[in-house]
Amino acid sequence: MRKFYLFIFILVVFFLQYSVLGVFFRDGRIPNLFAALAASLGLIFGFKKSVGWVVFAGFLLDAGSSWPVGTGTLALVLILWLVDKLKVFAELRSKRNIFIFFVALLALASTFFFDALLKLEIGAAGYVFKDAAIVFSPTLKAGYFWKLAYSALAGMGIYHFSRYSRNRFSPVFAPRKNR
Amino acid sequence: MNFFSKNAKFILTVLLLIAVIFVATRGADNPVKGMILKITNPFLKTFRIFSGGMRGAFEFLGSIGDLKTENENLLKENQSLEAQIAKLKDTEKENELLRKELDLVPRKEYDLESGFVIGQDALGSGSVIFIDKGSNDGIKEGMAVIVSNGVLVGKTGEVYADTSKVNLIIDKESAVNGEILESGAKGIMKGTYGLGITMDMIGQTEVVKEGDTVIASGLGGGVPRGLFVGKIGQVGQSEDKLFQRATVFSSVDFSSLRIVFVIKNSK
């Protein structure tokens, strides 16, 4: 059930990212839900348990993008791995307010890191393929800082719903003695 | 050695993904992209329609307080428009003559394919949108895309079976040959980071004025001559001072495109 929930949740994130957010947010300010998702899954489940989900999400992200398939996925996997190494976040869970703040900060940092990684990867791919059409240039204008701010806010929601899969379904479907 | 054994799954995943990046076919030929877009197309469309309706409802609720003022303004505007109608009747005749003179393709002679906007690029630079029509509907890469009133908004990029990407004219990688209707000056129109359009490479001897009309020149193929793009705004010099450069204001709100038309060919 948890797997089904995560599957549906990732699809919903995909639809939100590609189809819904563009209606409500101005150009260049759409939050990056996928980066927040990778960071959240890393925090909740760790690298090994969530790498499959992040790869699935990454391929969805790449499907609707102009860059070569795999580049967005690779950036998400690197974010997941780095978050998994940041054990300090897990220790903050008992301090609720500080933890919420750090989740938002993590989503913001993941968005920035995702864009930086993607620029590097696409630059490398463009160089190797000798294809000037492969470019990705996020602009560091006011809109981008709004994007980071919205990503931080969205990150809290993504974390909440990702965590829901663990907390909501586990007790219900676990043996009675474990409830 | 300890690092490699501890992070074997991570290293393996990264290596596999690097292999995918370099081995997988790019563009519209990639089967993964095509398949995912084919499966998700109806869902994307449903989500888009629903969210468009939601936005409309929010905007309506937010505008209730302004309705009285808006009503008064509309009455004034109505009077002004009635006066303009009379003037436009004269202009219509003049326009027909100009079209003949400039060899523009009349709008009714385009073979149009309507497409519903189902999404935008993931990172929301605002320069790429997806429509629900693809190669099954006769769409090919590089075709001009317009909105209902005949204003050019972009060109088709990667085309899949039932979905196409449209690179909007405000994309900084897009380049469309343009012409200023009043003076005949030619230049290249490029996007400025999804924010607007700049017309570059205009000769120094050309006369370019604020408010001049910009159309597609038809050079280079793909985009038929005569499609309206926008009005000239600020005029300046290119960085190397060899050409003139001007901003172009389009009447289209690129962030709220719903239905667009692909020009398959001129009849």
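Since every read-out is calculated from the coordinates, none of them should be taken as a lab result. A quick note: this is a predicted structure, and the numbers were derived from the prediction, not measured. Cβ: placed from backbone, ideal geometry, glycine included. Neighbour counts: every protein chain shown.
Structure notes:
- Backbone amide hydrogens, once placed in the peptide plane, bring B:Thr163 within less than 5 Å of B:Gly134, B:Ser135, excluding anything fewer than 5 places away on its chain.
- Fewest-first sequence of B:Asp66, B:Asp200, B:Asp121, A:Asp62 by Cβ atoms within 10 Å of each Cβ: B:Asp66, B:Asp200, B:Asp121, A:Asp62
- For the stretch A:2-169, diffusion coefficient by Stokes-Einstein and Kirkwood Rh (Cα), 10 °C, 1.306 mPa s, µm²/s: 99 µm²/s
- Choice from B:Lys155, B:Lys231, B:Lys165 showing the highest fluctuation, given a GNM over chain B with Cα pairs closer than 10 Å: B:Lys231
- Extension gain, B:Arg225-B:Thr46: 0.36 nm per intervening residue step, less the Cα-Cα distance, totals 60.9 nm.
- Degrees between helix B:67-102 axis and first principal axis of chain B (Cα, 0 to 90, nearest 10): 80 degrees
- Loop trypsin sites (Lys or Arg not before Pro), the stretch A:1-108, which have at most 15 other Cβ atoms in a 10 Å radius of their Cβ (DSSP): A:Arg26, A:Arg93, A:Lys95
- Cross-linked pairs A:Lys147/B:Lys190; B:Lys190/B:Lys231; A:Lys85/A:Lys147; A:Lys3/B:Lys33; A:Lys3/B:Lys45; A:Lys3/B:Lys6: Cα-Cα separations exceed 20 Å for A:Lys147/B:Lys190; A:Lys85/A:Lys147; A:Lys3/B:Lys33; A:Lys3/B:Lys45; A:Lys3/B:Lys6.
- From its DSSP helices (H runs of at least four residues, each -39,500 (n - 2.57)), chain B gives a residue-normalised ellipticity at 222 nm of -12000 deg cm²/dmol.
- Relative contact order for chain B: 17 percent, from Cα pairs under 8 Å spaced at least 6 residues apart, divided by residue count.
- Relative contact order of the stretch A:2-169: 34 percent, from C-alpha pairs under 8 Å at least 6 residues apart in sequence.
- Label-point gap, in nm, between A:Arg163 and A:Phe7 - each point 7 angstrom along Cα→Cβ: 2.6 nm
- The mean count of C-beta atoms from other chains within 10 Å of the C-beta of residues in A:55-66, rounded to a whole number, is 6.
- Using a Förster distance of 56 Å, the FRET efficiency for A:Leu86-B:Leu75 (Cβ separation, nearest 0.05): 0.35
- Contour excess over end-to-end distance, with Cα ends at B:Val151 and B:Val235 and 0.36 nm allotted per residue: 28.1 nm
- Rounded tilt (10° steps) of B:8-23 against the dominant C-alpha axis of chain B: 50 degrees
- Counts of other chain beta carbons within 10 angstrom of each beta carbon in peptide B:11-20 average 5.
- Shielding by other protein chains, A:115-128, mean Cβ within 10 Å: 1
- Label-to-label distance for B:Leu88 and B:Phe60 is 2.6 nm, based on points extended 7 Å past Cα in the beta-carbon direction.
- Dipole check for the stretch A:2-169: with +1 at the C-beta of Lys and Arg, -1 at the C-beta of Asp and Glu, and the Cα centre as origin, the magnitude is about 700 Debye.
- Charged side chains reduced to their Cβ positions (Lys and Arg at +1, Asp and Glu at -1) give chain B a dipole of some 920 debye around its Cα centre.
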